[in-house]
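A.B. asks: Pasting a structure here, questions to come.
The values are calculated or read from the model by the stated rules, or taken from the named source; none is laboratory data. These figures come from a predicted structure and were not determined experimentally. Methodologically, a virtual Cβ is constructed for each residue, glycine included, from the backbone with ideal geometry; neighbour enumeration extends over all protein chains shown. The protein model used for the area step is the full one, side chains on, heavy atoms only, and it has no ligands, DNA or RNA in it. Shrake-Rupley method; radii C 1.70, N 1.55, O 1.52, S 1.80 Å.
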Amino acid sequence: MTPTAGKPTQKNAGDPIIELRDVNKWYGDFHALRDVNLTVGRGEKVVVCGPSGSGKSTMIRCINRLEVHQEGRIFVDGMEMVPDVRKIEAIRRQIGMVFQSFNLFPHLTVIDNLTLGPVLVQEIPQDAAEAQAMEMLERVKIPEQAKKYPGQLSGGQQQRVAIARALMLKPKVMLFDEPTSALDPEMIAEVLDVMIELADEGMTMIVVTHEMGFARKVADLIVFMDDGEIVEAASPGPFFANPENDRTKLFLSQIL
Amino acid sequence: MLTLLAMWALFVTIPDFISWAFINAVWQTDDSKDCQVAAGACWAVITEKHRVMLFGTFPYDEHWRGVLAIAIIIILAVISGFKRFWSYRLFLVWLVATALVFLLLLGGVFGLKPIGTYQWGGLPLTLLLFVGTVVGGMPLAVLLALGRRSSLPAIKALCIGFIEIIRGVPLITVLFMASLMFPLFMPEGVTINKLLRAEIGMIMFFAAYAAEIVRGGLQAISLGQYEAAEAIGLSYWQKTNRIILPQALRIVLPALMSDVIRAFKNTTFVSIIGLFDVLGATATALEDLLWVRYALEAYIFIFILYFVFCFSMSKYSAHLERDLSEGRNL
Ligand SMILES: Nc1ncnc2c1ncn2[C@@H]1O[C@H](COP(=O)(O)OP(=O)(O)OP(=O)(O)O)[C@@H](O)[C@H]1O
Ligand SMILES: [Mg+2]
């Protein structure tokens, strides 16, 4: 990782960068998050798994306010998430997000997808942003695609562009919501490789995924959710070897 | 289909038409009696009256200003057809050009003789009304469409109310309302010019329809685009201007073009409230008893004029639509 890219200093969970305290969320009557508590230290990698509809997306989307929680408190890098547009925008600048369906801007070239945020949000000059974007594309190994439109790229390439775009704002935390679920099998590895490199460079990451190989390799903590609750949270060794909860056992038996 | 039908009709009547329109026609004369003895068309009415038809009561010596106004608008319109020039800046250019054309006709600046708007007429007036409608109406349409999707109930209600009320009545009533009711709401002594009132009416009418089209485009943009924009920290207006609108407007451009063409045709309604657009000016030109018998020829000329404008716009719109359906990036 380039030294400019906001390399977090490796610290332990005693220095939390993200904290969810008794977070509750409802969609209408539906209780989507139940008393969720989660603390993520700087440089920590958390993998979130669980059955469909268990609230994984909802949880990580609350962290950058794409969803609004109704109860409990969320802190990002010492700032509390409150309903104030300025605060929300400030928090979002600390967080990069990668979506299952890439969500690149189809009307902009790859390089413009990358420079838009820095130019508009951080008011970095266009040429400086472009230089930075090229560096970022090197990192995700597709510098030759800079002038193309997203529609001209493969899924794996698009997702790597999306990762590069999220990194452009030098976030302190990266959120991934099933980054490989929409990809053809042969493209999954190229995206996971980029994510593993990112992890090795010390980025704080929260990754919703069912790629258990990836989880085993990079996770400091694996969180299992079911029915809006965090049922189990453990480091990969104990998580896979002897899960405590029956629901975790069932889930693992289905997925492994 | 209609064009085909019209062409077939032309085909069967073509021999008669040719002898009337060309062989026996009178092309040039300053004496309408020459036309009476001829068996064919009297195109001389156009050579004789074209100044009044095209410029209405605009002072004769200042017609060059009208010509320049027409040229500015047409040249800019052609330039705007090229996708590589599409940006918000192009809109600013149009805004400036519209103001410039307005000043050019109005005079009183740059040593130009002042000419009151009550003397304006003909094609420059038609084009200015048209361009003013689109240039003023588009931003209003976008704001109404955004407002209609707003999470603030008051703004939402206001936009829905405006759109539905305007769409619920014919243009002509909007124009009458604009010309009769504005003076009532204005403080004593303040009068707004008739032209401006008509323009405001036309803008409101255009915007109400265009807003619904733009709204359709906004609905077509996936939630993921909004979320990705928010996730990189863009503010509401940054997100709207840079991510959502550019995509939404491209999708609905062909549909918007048909509203634009309609706005062009709708300029003819202003003659009802006493403005002399090119159609109204032609009617005035034909009040000359010597030439009134040749109204047909005069109106054929006007027909061709409108057709050229509307046909080129609709051809262009069809071309855009084809590009769009082939999935090319507009
Ligand atoms: N906008 C919404 N309105 C109503 N209900 C919603 C909404 N978004 C999510 N839900 C519901 O909340 C629950 C949790 O959804 P969430 O997307 O967080 O699940 P998930 O664990 O990410 O599942 P998946 O693996 O399918 O992505 C689901 O039952 C879902 O139907
Ligand atoms: Mg999900």
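A.B. asks: Inside the range B:187-236, can you point out the residues that are aromatic (Phe, Trp, Tyr) and closer than 30 Å to A:Arg92 by Cβ?
C.D. replies: Within the range B:187-236, B:Tyr226, B:Tyr236 qualify.
A.B. asks: Looking at B:Leu180, B:Leu218, B:Leu175, can you tell me which residue is free of Cβ contacts under 8 Å to residues at least 12 places away in the same chain, in a helix (DSSP H, G or I) and away from chain A (no Cβ under 14 Å)?
C.D. replies: Details: B:Leu218 fails: free of Cβ contacts under 8 Å to residues at least 12 places away in the same chain; B:Leu175 fails: free of Cβ contacts under 8 Å to residues at least 12 places away in the same chain.
That would be B:Leu180, the only listed residue that is free of Cβ contacts under 8 Å to residues at least 12 places away in the same chain, in a helix (DSSP H, G or I) and away from chain A (no Cβ under 14 Å).
A.B. asks: Among the residues of the range A:234-244, are any surrounded by fewer than 21 Cβ atoms within 10 Å (Cβ to Cβ), within 14 Å of chain B (Cβ to nearest Cβ) and of a type in the set (A, V, I, L, M)?
C.D. replies: Of the range A:234-244, the ones surrounded by fewer than 21 Cβ atoms within 10 Å (Cβ to Cβ) are A:234-238, A:240-244.
Those still in the list that are within 14 Å of chain B (Cβ to nearest Cβ) too: none.
No; the residues of the range A:234-244 include none that is surrounded by fewer than 21 Cβ atoms within 10 Å (Cβ to Cβ), within 14 Å of chain B (Cβ to nearest Cβ) and of a type in the set (A, V, I, L, M).
A.B. asks: Would you say B:Phe276 is open to solvent by 40 Å² or more (accessible area, probe 1.4 Å), away from every other protein chain (no Cβ under 14 Å), among the aromatic types (Phe, Trp, Tyr) and over 25 Å from A:Val119 (Cβ atoms)?
C.D. replies: Yes: the conditions hold for B:Phe276.
A.B. asks: Next up: Given the residues B:Ala210, B:Ala298, B:Ala285, B:Ala281, which is the only one that is open to solvent by less than 20 Å² (accessible area, probe 1.4 Å) and touching an Asp or Glu at 6+ places or on another chain (Cβ under 8 Å)?
C.D. replies: B:Ala210
A.B. asks: Using the structure shown, decide if A:Lys45 is under 16 Å from A:Met97 (Cα atoms) and more than 16 Å from ligand 1 (Cβ to nearest atom).
C.D. replies: yes
A.B. asks: OK, next. Here are some conditions: (1) open to solvent by 10 Å² or more (accessible area, probe 1.4 Å); (2) at pLDDT 95 or above; (3) not hydroxyl-bearing (Ser, Thr, Tyr). B:Pro254 meets all but one. Which one does it not meet?
C.D. replies: Result: B:Pro254 fails condition (2) only.
A.B. asks: Report yes if A:Val85 is touching a residue at least 60 places away in the same chain (Cβ under 8 Å) and either under 24 Å from A:Arg165 (Cα atoms) or within 16 Å of ligand 1 (Cβ to nearest atom) (or both), otherwise no.
C.D. replies: Numbers: touching a residue at least 60 places away in the same chain (Cβ under 8 Å): no; either under 24 Å from A:Arg165 (Cα atoms) or within 16 Å of ligand 1 (Cβ to nearest atom) (or both): yes.
Taking the combined requirement at face value, the residue does not satisfy it.
A.B. asks: Continuing with the same structure: Quickly run through the range A:176-229 and pick out the residues that are of a type outside the set (A, V, I, L, M, F, W, C), more than 17 Å from A:Thr58 (Cα to Cα) and touching a strand residue (DSSP E or B) at 6+ places or on another chain (Cβ under 6 Å).
C.D. replies: Within the range A:176-229, A:Thr204, A:Asp220 qualify.
A.B. asks: If you check A:Ala146 against the conditions, is it more than 14 Å from chain B (Cβ to nearest Cβ), of a type outside the set (D, E, K, R) and open to solvent by 20 Å² or more (accessible area, probe 1.4 Å)?
C.D. replies: On the way: more than 14 Å from chain B (Cβ to nearest Cβ): yes; of a type outside the set (D, E, K, R): yes; open to solvent by 20 Å² or more (accessible area, probe 1.4 Å): no.
Taking the combined requirement at face value, the residue does not satisfy it.
A.B. asks: Please give the helices (runs of 4 or more DSSP H) falling wholly within the range A:164-256 in which 1 or more residues are among the basic types (Lys, Arg).
C.D. replies: Passing ranges, in order: A:212-218, A:246-255.
A.B. asks: In the range B:2-96, which helices (runs of 4 or more DSSP H) lie fully inside it and hold 3 or more residues that are under 30 Å from B:Leu324 (Cβ atoms) and open to solvent by 40 Å² or more (accessible area, probe 1.4 Å)? Steps first, please.
C.D. replies: Working: elements: B:2-18, B:33-37, B:44-55, B:63-80.
Correct list: B:2-18, B:63-80.
A.B. asks: In the range B:120-176, how many are open to solvent by 60 Å² or more (accessible area, probe 1.4 Å), under 26 Å from B:Lys194 (Cβ atoms) and β-branched (Val, Ile, Thr)?
C.D. replies: 1
A.B. asks: Follow-up. Six or more apart or on different chains, Cβ under 6 Å: which pairs go from a residue in the range A:169-187 that's away from chain B (no Cβ under 11 Å) and among the acidic types (Asp, Glu) to one that's open to solvent by 20 Å² or more (accessible area, probe 1.4 Å) and within 16 Å of ligand 2 (Cβ to nearest atom)? Could you list them?
C.D. replies: Matching pairs, first to second residue: A:Glu178/A:Gln100.
A.B. asks: While we're here: Can you confirm whether the range A:224-239 contains a residue that is closer than 21 Å to A:Asn64 by Cβ and among the hydroxyl-bearing types (Ser, Thr, Tyr)?
C.D. replies: No: the range A:224-239 contains no residue that is closer than 21 Å to A:Asn64 by Cβ and among the hydroxyl-bearing types (Ser, Thr, Tyr).
A.B. asks: Additional query: In the range B:224-241, what count of residues is obtained for those that are open to solvent by less than 20 Å² (accessible area, probe 1.4 Å), more than 7 Å from chain A (Cβ to nearest Cβ) and either closer than 20 Å to A:Leu175 by Cα or not in a helix (DSSP H, G or I) (or both)?
C.D. replies: 1
A.B. asks: Still on this structure, I have one more. Tell me, which residue of the range A:26-82 that is within 16 Å of ligand 2 (Cβ to nearest atom) and among the polar types (S, T, N, Q) is surrounded by the fewest Cβ atoms within 10 Å (Cβ to Cβ)?
C.D. replies: A:Ser52
Conditions tested, residue by residue: (1) closer than 26 Å to B:Ala248 by Cα; (2) within 16 Å of ligand 1 (Cβ to nearest atom); (3) touching a strand residue (DSSP E or B) at 6+ places or on another chain (Cβ under 7 Å); (4) at pLDDT 95 or above.
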{"position": "A:Pro51", "(1), (2), (3), (4)": "no, yes, yes, no"}
{"position": "A:Leu66", "(1), (2), (3), (4)": "yes, yes, no, no"}
{"position": "A:Asp77", "(1), (2), (3), (4)": "no, no, yes, no"}
{"position": "A:Ala90", "(1), (2), (3), (4)": "no, no, yes, no"}
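A.B. asks: Residue by residue through the range B:177-207, note down the ones that are charged (D, E, K, R) and crowded, with 19+ Cβ neighbours inside 10 Å.
C.D. replies: Once the filter is applied, which keeps residues that are charged (D, E, K, R) and crowded, with 19+ Cβ neighbours inside 10 Å, the range B:177-207 yields B:Arg197, B:Glu199.
A.B. asks: Pairs under 6 Å by beta carbon, first residue in contact (Cβ under 8 Å) with a residue 24 or more places away in the chain in the range A:195-223, partner among the aromatic types (Phe, Trp, Tyr) and away from ligand 1 (no atom under 16 Å from the Cβ), six or more apart or different chains?
C.D. replies: That search, which allows pairs on different chains as well, returns A:Ile222/A:Phe239.
A.B. asks: Among the residues of the range B:305-327, how many are under 30 Å from B:Ala283 (Cα atoms) and open to solvent by 90 Å² or more (accessible area, probe 1.4 Å)? Lay out the reasoning, then the answer.
C.D. replies: First, pick out the residues of the range B:305-327 that are under 30 Å from B:Ala283 (Cα atoms): B:305-315.
Checking which are open to solvent by 90 Å² or more (accessible area, probe 1.4 Å) leaves us with B:307, B:315.
Counting residues in the range B:305-327 that are under 30 Å from B:Ala283 (Cα atoms) and open to solvent by 90 Å² or more (accessible area, probe 1.4 Å) gives 2.
A.B. asks: For the range A:73-130, name all the residues that are within 13 Å of chain B (Cβ to nearest Cβ) and in a strand (DSSP E or B).
C.D. replies: A:Val76, A:Ile95, A:Gly96, A:Met97, A:Val98
A.B. asks: In the range B:97-119, how many are open to solvent by 70 Å² or more (accessible area, probe 1.4 Å) and among the hydrophobic types (A, V, I, L, M, F, W, C)? Spell out the reasoning first.
C.D. replies: Applying the first criterion (open to solvent by 70 Å² or more (accessible area, probe 1.4 Å)) to the range B:97-119 yields B:100, B:102, B:110-111, B:113-114, B:118.
Going one step further and asking which of them are among the hydrophobic types (A, V, I, L, M, F, W, C), we end up with B:100, B:102, B:110.
Summing the residues that are open to solvent by 70 Å² or more (accessible area, probe 1.4 Å) and among the hydrophobic types (A, V, I, L, M, F, W, C) in the range B:97-119 gives 3.
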